[in-house]
1. Quick check: residue separation of Asn84 and Glu122 times 0.36 nm, minus the Cα distance between them. What number comes out in nm?
2. Straight distance only, please: which aspartates and glutamates reach the Cα of Lys177 with their own Cα at less than 13 Å, same-chain residues fewer than 8 apart left out?
3. Using only helices, what value at 222 nm comes out for the chain when you add -39,500 (n - 2.57) per DSSP H run of length 4 or more and divide by the total residues, to the nearest 500 deg cm²/dmol?
4. Can you give me the distance in nm between label points at Arg184 and Gln112, each placed 7 Å from the Cα along the Cα-to-Cβ direction?
5. Which lysines, on any chain, are close to Lys31 with Cα under 26 Å apart, when same-chain ones fewer than 8 places away are left out?
6. If I stretch the segment between Asn142 and Arg205 completely, what's the gain in nm (0.36 nm per residue apart, minus their alpha carbon distance), one decimal?
7. Among Asn84, Asn50, Gly147, pick out the residue whose Cα is farthest towards the positive end of the charge dipole of the chain, where Lys and Arg carry +1 and Asp and Glu carry -1 on C-beta, about the Cα centre.
8. If you take the square roots of the eigenvalues of the alpha-carbon gyration tensor of segment 39-168 and sort them as a ≥ b ≥ c, do you get rounded (a/c under 1.5), prolate (a/b over b/c) or oblate?
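Bear in mind these aren't lab numbers, they're just calculated from the coordinates by the rules spelled out. Please read these numbers as outputs of a predicted model, since none were measured by experiment. Neighbour counts are summed over all protein chains in view; Cβ atoms, including those assigned to glycine, are modelled from backbone coordinates with ideal geometry.
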Amino acid sequence: MIVEAQAVGKEYALGKQTVTALRNISLSIHKGEFMALAGPSGSGKSTLLNLIGCIDTPTTGTILIGGQNISGKTPDELADLRLNTLGFVFQTFNLLPVLSAWENVEYPLLQQPKVAKKTRQERVQHYLKVVGLEPYAHHRPNELSGGQRQRVAIARALATRPSIVLADEPTANLDHKTGEGILRLMKDLNQEEGTTFIFSTHDARVMEMADRVIELADGQIME
Ligand code: ADP
Ligand code: ADP
């Protein structure tokens with residue numbers, strides 16, 4: 001199992017109130033899966049992705065990434081895991097606006113001092129090509145369409161060769177046809193490179209492309 005959640009619960013403090021975002025979630029994800037998280041707004045999809053992505057920590061229960069319990073890890077070890085094992089794709093793309101497509105894809109590789117300049121350049125070129133954006137390498141995000149921006153974000157997520165890509169509503173800000181193209185690209189990468197993808201979505205039509213759909217409601221998995 002590449003990801004395991006064991007009886008995971010998550011509560012947020014909201015002033016004096018407590019919001020329960022996840023209740024008793026247990027889930028095993030195989031290496032190479034292309035898995036969708038479905039469910040209405042507020043059902044806990046982002047929270048679960050953030051916990052698997054080591055962006056936040058569970059209130060109760062255990063999360064294992066590649067068999068390792070992440071709650072025993074130091075902040076440095078978690079940062080290392082985020083950089084080397086995990087890739088992130090967001091609904092709002094989260095590209096750096098002053099950087100070109102090339103520079104956005106290169107950015108996480110610059111945080112990996114072990115990756116030599118030549119390798120870095122080859123990787124950027126490779127992934128821009130894979131997402132079909134080689135001709136737009138020198139364009140900034142505001143010179144690209146929504147679909148193109150998301151493709152830059154996918155190239156950026158893949159450039160560090162993560163074993164798991166987490167995508168939170170990656171198609172939510174795209175029209176249906178463009179969104180479907182983005183999902184197809186992710187699926188091709190899943191099949192060609194064996195990368196595990198876990199994505200959340202509202203769109204029943206893109207959900208159909210998943211190997212497995214886990215449906216959340218009110219912080220719980222629906223059977
Ligand atoms: P989804 O991604 O399915 O829309 P979320 O994981 O964003 O669901 O939210 C699950 C629940 O947790 C909701 O009730 C939401 O309001 C609450 N929540 C999410 N993030 C926070 C936060 N940072 N502080 C307080 N409550 C939060
Ligand atoms: P996609 O299907 O990937 O969303 P589109 O078909 O919408 O792409 O866009 C095609 C062309 O229009 C591209 O050459 C892109 O650079 C250009 N384009 C789209 N939106 C914008 C924008 N807001 N500013 C500049 N160029 C844009």
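1. Result for the pair: 11.9 nm of gain on full extension.
2. Straight-distance partners of Lys177: Asp203.
3. -10500 deg cm²/dmol
4. 2.9 nm
5. Correct list for Lys31: Lys10, Lys45, Lys73, Lys114, Lys129, Lys187.
6. Numbers: separation 63, 0.36 × 63 = 22.68 nm, distance 2.82 nm.
Length difference between fully extended and current span is 19.9 nm.
7. Comparing the listed Cα positions along the dipole, Asn84 ranks first.
8. Because a/c hits 1.5 or more and a/b fails to exceed b/c, segment 39-168 counts as oblate.
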